[in-house]
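Remarks on the structure that follows.
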């Protein structure tokens, strides 16, 4: 990956709807060359997709929470069952399998506290293998996902 690729990715992370012509102008390239560069990044899997970023409040999601989960046993079938169960809950925005005190960290979006309570007490605790869960309310968002840092990763780049 060279500096031109990083420039392309920086602009696409900031605005996935940027036109090919504007992106080419930002990188100092011809639009036809830009289209080929972007397609190559897509083919390599560096760009895995495009999507709109939505504001949860107008959609009715007034509460966010982080839920820490421990499984009773860390066995392959329990892990697979848990991950399938969590994947089926649309209010789970993200699920991370982690090392440390907890096995999983989940980011939930709920309509209100009652909805969150229902999710925690009935949906998540009903997933096989869950031994313990601890819920933390999100009071405010200090920094949203802004994409990945794209500085050179190695000194020789």
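The numbers here are math on the coordinates, done by the rules we state, and not lab data. From a predicted model like this one, the values you see are computed outputs, not experimental measurements. Note that each Cβ is placed from the backbone with ideal geometry, even for glycine, and that neighbours are counted across all protein chains shown.
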I'd like the orientation of helix 3-14 relative to the chain: the angle between its Cα long axis and the longest Cα principal axis, in ° from 0 to 90, rounded to 10. 50 degrees
What is the distance in Å between the Cα centres of the range 48-69 and the range 97-147? 12 Å
Relative contact order in percent for the chain (Cα pairs under 8 Å, 6+ apart) equals 27 percent
Fewest first, what order do 55, 2 take by the number of other Cβ atoms within 10 Å? 55, 2
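What ranking of 29, 1 emerges when the number of other C-beta atoms within 10 Å of each C-beta is taken as an exposure proxy, fewest first? Numbers along the way, then the final one.
Numbers: 29 17, 1 14.
Going from least to most buried by this count: 1, 29.
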So the angle from the long Cα axis of helix 31-43 to the longest Cα principal axis of the chain, reported in degrees to the nearest 10, equals 30 degrees
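Given axes a ≥ b ≥ c from the Cα gyration tensor, I'd like to know whether the range 24-112 is rounded (a/c under 1.5), prolate (a/b larger than b/c) or oblate. If you can, show how the numbers build up before the last one.
Details: a/c = 3.36, a/b = 1.77, b/c = 1.90.
It is oblate, given that a/c is not under 1.5 and a/b is not larger than b/c.
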Exposure proxy check on 32, 48: fewest-to-most Cβ neighbours within 10 Å is 48, 32
For log10 I(q)/I(0) by the Debye sum over Cα atoms at q = 0.14, 0.16 Å⁻¹, the listed values are (1) -0.79, -0.96; (2) -0.86, -0.96; (3) -0.64, -0.85; which was obtained by calculation from the structure presented? (2)
As a test of the definition: which semi-axes, in Å, follow for the range 63-137 when you take the square root of five times each eigenvalue of its alpha carbon gyration tensor? Largest first, please. 20, 12, 11
Average projection area in nm² (convex hull over Cα atoms of the range 3-43, one quarter of hull surface): 2.4 nm²
